[in-house]
Amino acid sequence: MSVRAGKAYEAAADRLRAQILDGALPRGTRLPTESVLAAELGVSRATVREALRLLAAQGLVRTSKGARGGSYVTAPSPGHISESLRSGLDLLAVADDLTLEELLEARELLEVPAARLAAKRRSLEHLQRLRGSIPERPLALASGEQFALNRDFHSVVIEASGNTLLRIAAQPVFLVLQTHLARSQLGRRFHRAINDHHRSIASAIEAGRARAAEQEMRAHLRFLRPFYEQAWRYALSAREQR
């Protein structure tokens with residue numbers, strides 16, 4: 001049966017994706033050549049090539065060259081899925097289909113439990129990385145460095161929760177919010193307070209005090225709310241002036 005609905009390469013990719021997800025094409029399987037796939041799907045080789053590029057971008061196929069080259073079924077990593085989700089959230093936010101309130105609500109629902117779990121499951125490496133992401137003199141750093149350390153701190157907390165699904169879901173929500181915050185104008189009080197909050201969260205996690213870690217993270221996110229609201233207004237104003 002030939003592929004007709006929608007764009008041909010998207011429909012071809014859908015057919016192959018379905019076979020990968022239902023196990024008909026297990027991980028590691030080498031896919032047939034472009035010519036064979038084109039005949040099976042009823043499309044051109046160029047269409048198959050575009051379908052494979054789409055699946056590769058989604059982390060479902062990898063293509064290599066050479067004598068042993070070809071296209072192989074793979075599986076997306078948590079980081080790849082998280083990045084794809086972040087891109088989608090960015091687009092929804094720009095299109096005003098996703099509100100700040102929804103993002104903040106989701107972040108609290110995800111990162112507060114992550115902090116609690118991190119206090120129970122953190123490793124020595126996690127604790128070292130947490131401490132390493134809290135600078136002794138934050139105000140001596142450039143704004144970009146401060147935001148990079150802020151990103152690292154929250155990434156480690158989420159990772160230390162030991163829950164892959166939390167990591168996939170929480171990381172993109174945090175990054176979308178941080179991107180908006182980084183584009184706004186923030187003063188010294190903000191960066192000093194962030195550092196103090198991070199120390200309190202890290203101390204609770206290091207001590208294994210799950211409830212305290214949860215409470216510290218919730219207080220931290222509530223402190224951030226007015227800054228996010230300011231950043232959101234700033235972004236909206238910038239878009240309207242374009």
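The values are calculated or read from the model by the stated rules, or taken from the named source; none is laboratory data. Being a predicted model, the structure only gives us computed values, none of them experimental. Please note: Cβ atoms are built from the backbone with ideal geometry, for glycine as well, and neighbour counts cover all protein chains shown. Please note that ligands, DNA and RNA were not included when accessible areas were found on the heavy atoms of the full protein model with its side chains. Shrake-Rupley method; radii C 1.70, N 1.55, O 1.52, S 1.80 Å.
Using only Cα atoms, find the angle between the long axis of helix 8-21 and the longest principal axis of the chain, and express it within 0 to 90 degrees, rounded to the nearest 10.
70
Expressed as an acute angle from 0 to 90° and rounded to the nearest 10, what is the orientation of the C-alpha long axis of helix 143-160 relative to the principal long axis of the chain?
Helix 143-160 sits at roughly 70 degrees to that axis.
Which entry is the computed Kirkwood radius over Cα pairs in Å for this structure: (1) 17.8; (2) 19.0; (3) 20.5?
Computed from the coordinates, Kirkwood radius over Cα pairs in Å corresponds to (3).
Quick one: Karplus J couplings for region 42-57, per residue in order, coefficients 6.51, -1.76, 1.60, θ = phi - 60°, nearest Hz, x for Gly and Pro?
x, 10, 7, 5, 4, 5, 4, 4, 5, 5, 5, 5, 5, 5, 5, 5
Name the trypsin sites (Lys or Arg not before Pro) in region 57-134 that are in a loop by DSSP and that have at most 12 other C-beta atoms within 10 Å, would you?
K65, R68
Output the relative contact order of region 173-242, whole-number percent, from Cα pairs under 8 angstrom with separation of 6+ residues.
47
Pairs of Cα atoms under 8 Å, at least six residues apart: use those to get the relative contact order of the chain, whole percent.
Details: 283 pairs, mean separation 46.6, N = 242.
Once divided by the residue count of the chain, the mean separation gives 19 percent.
For the chain, what is the accessible area per residue in Å² when the probe is 1.4 Å?
Ligands and nucleic acids excluded, the result is 55 Å² per residue.
Just flag the trypsin sites (Lys or Arg not before Pro) in region 140-190 sitting in loop per DSSP whose Cβ has no more than 14 other Cβ atoms within 10 Å. Write out the running numbers ahead of the final one.
Values: sites: R151, R167, R183, R188, R189; in loops: R183.
Here the sparse-neighbourhood loop sites are R183.
Quick one: which residues, 5 or more positions from L31 or on another chain, have an amide H under 5 Å from its amide H? H modelled 1.01 Å from N in the peptide plane, none for Pro or chain starts.
Under 5 Å from the amide H of L31 lie the amide H atoms of S71, Y72, V73, each far enough along the sequence or on another chain.
Fully extended, how many nm does the chain gain between R199 and T63 (0.36 nm per residue separation, minus their Cα-Cα distance)?
44.5 nm
How high is the FRET efficiency between D152 and E105 when r is their beta carbon distance and R₀ equals 25 Å, given to the nearest 0.05?
0.55
Can you tell me the orientation of helix 210-240 relative to the chain, as the angle in degrees between its alpha-carbon axis and the longest Cα principal axis, to the nearest 10?
Helix 210-240 sits at roughly 70 degrees to that axis.
Considering only protein heavy atoms and a probe of 1.4 Å, how much of the accessible area of the chain is carbon and sulfur, as a whole percent? Please list the in-between numbers first.
Working: 6820 of 13230 Å².
Carbon with sulfur: 52 percent of the solvent-accessible area.
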